[in-house]
Amino acid sequence: MTHDFTIIVRPARSLSGSLRLPGDKSISHRYAMLGAISEGTTRLENFSTGADCASTLGCLKTLGVEWERKENEVSIHGRGPQLRAPESALDCGNSGSTMRMLSGIMAGQEFASELMGDESLSRRPMARIIAPLEAMGARITSQDGGRPPLHITGGRLRAIDYKMPVASAQVKTSLLLAGLFADGDTRVEEPVRTRDHGELALRAFGADVTLQKNAAQIAGGQKLHAIDADIPGDLSSAAFFLCAAALFGDSTLVISSLSMNPTRSRLLDVLVGMGLGISVTQLEEKHGELRGTVQVEGRALQGATISGADTAALIDEIPVLAAIAPYTASGVEIRDARELRVKESDRIAAVATNLRAMGAQVEEREDGLKIPGGQNLHGAEIDSFDDHRIAMAFAVAALRASGETRIRGADAAVISFPAFFEVLEGLAQR
């Protein structure tokens, strides 16, 4: 990505309106992959508009999976468990989700494949999927330190009982997908529970997955069957609009058909704890995934401390929570977030750098940030660091700053939400 795309964000008085967000990225990735190895045609409405999920579809096409896309509806013609040997590398683009989860399926194929990514993805460590997949019998070579590209020679796998050293929903899903191709029962245990989209998606497609506390278990050799699904709105995308509404006491916002998955909705609890008015109506469950309509009223924001299991549950939302922290009454402290150092950018450093550019006081720590409240920020030139969540987080912070903010590399937002800046601008009241 280049830094020639700069967007200017002007201050707003409040935020109001209603919206439905593009489909959840996590669910879109998983439904697409499971649709590919199912029997029959899977139809997915409100599929994510982000470039990451398009990378997953592109990889599936290289593996002989036929699909059509009309706007945000995707039909995937399943090939069953055996995909076609690819004639070229599987290009995962910027998507760590695609590379990690697809590796689980590739480990169970009777052919070799190469998974590559862009410059940013090529720096991200993949060792945490390589070790367990090799223990299951796949042969994987990588660059120094377990970095992409990955060369995977798949085949018959053996089930393992694996205790994950670091909690990661993507690694868990990857191993459960590999478990479908293994002899016996594969069990994956996490140190703290992460989002359960993988388990729910496998069940939706007909797999038997048993859950106990922080562990999930799947039997090998199960057949999957196509589904028709309408994917709920992405809660990580909603985070930016919720936090933007939280900046102004008289904001009113309605977000319909939003994912309310309990392993993800910790964000709502934290924002309510900080004083934001949130009510949820029209709750329903489809394919194990909860969705609802969220109504938001802005109120004076208190601070928060985010640590431990909360940090793991909010890992994608921390940049935007940190970006609005200076405007809270008592500030925000983030701990146990070392994982943020190895995301699309070093998100701890990126947040600190950009907040300081806007005149904020910030204490940067190895595993987090301490940001005092009651601060006034001014517009500034901001760097996205080619990271979609940093670009979007600082567009939100800019709404309450004095003067204009210029965000360099704002095109990074296409990774998860191409229309983000237009939607935000449409809700801003001036």
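The values are calculated or read from the model by the stated rules, or taken from the named source; none is laboratory data. The shown structure was predicted, so the numbers you read here are calculated from the model rather than taken from an experiment. In this analysis, Cβ positions are derived from the backbone assuming ideal geometry, glycine residues included, and neighbour counts consider all displayed protein chains. Side chains included, ligands, DNA and RNA excluded: accessible areas come from the protein's heavy atoms. Shrake-Rupley method; radii C 1.70, N 1.55, O 1.52, S 1.80 Å.
The convex hull of the Cα atoms of segment 326-418, projected and averaged over all directions, covers 5.5 nm². Put a plus charge on the Cβ of each Lys and Arg, a minus charge on the Cβ of each Asp and Glu, and nothing anywhere else: the dipole of segment 1-108 about its Cα centre is then about 320 debye.
Taking the longest Cα principal axis of the chain as reference, the axis of helix 169-179 is set at about 10 degrees. Between the listed residues Ala325, Ile415, Gly93, the Cα displaced farthest toward the positive end of the dipole of the chain, a dipole computed from Cβ unit charges relative to the Cα centre, is found at Ala325. Considering only C-alpha atoms, what is the centroid distance from segment 289-353 to segment 8-41, in Å? Value for the Cα centre distance between the two parts: 20 Å. Once the Cα atoms are used to define both axes, helix 25-36 deviates from the longest principal axis of the chain by about 20 degrees. When the surface is traced with a 1.4 Å probe over the full set of protein chains, His378 keeps roughly 80 Å² accessible. Assigning unit charges at the beta carbon (Lys, Arg +1; Asp, Glu -1) and nothing else, what dipole magnitude in debye, to the nearest 20, does segment 269-401 show about its Cα centre? Taking the Cα centre of segment 269-401 as origin, the dipole is about 360 debye. Using a probe of 1.4 angstrom and keeping all protein chains present, the accessible surface of segment 1-76 works out to 39 square angstrom per residue. Above 29 Å, the calculated P(r) of the chain contains 43 percent of its Cα-Cα pairs. When the alpha carbon gyration tensor of segment 1-110 is reduced to an equivalent ellipsoid, the three semi-axes, largest first, read 31, 18, 11 Å.
All Cα-Cα separations within segment 212-263 were binned at 10 Å from zero, giving a P(r) of 16, 30, 28, 16, 8, 1, each value a whole percent of the pairs. For segment 109-234, with equal point scatterers placed on the C-alpha atoms only and solvent neglected, what are the log10 I(q)/I(0) values from the Debye formula at q = 0.10, 0.14 1/Å, to two decimals? Result of the Debye calculation: -0.33, -0.65. Projected onto their three principal axes, the Cα atoms of segment 62-146 cover extents of 40, 29, 21 Å, largest first. The order of Glu317, Glu333, Glu189 by accessible area, most exposed first and with a 1.4 Å probe, is Glu189, Glu333, Glu317. Dipole size of the chain about its Cα centre, with +1 on Lys/Arg Cβ and -1 on Asp/Glu Cβ: approximately 420 debye, rounded to the nearest 20. Under the criterion of Cα pairs below 8 Å and six or more residues apart, the relative contact order for the chain equals 19 percent.
Computed on the Cα atoms alone, the convex hull of segment 252-404 gives a volume of 112 cubic angstrom per residue.
Once divided by 2.2 N^0.38 Å, the Cα radius of gyration of segment 217-334 becomes 1.21.
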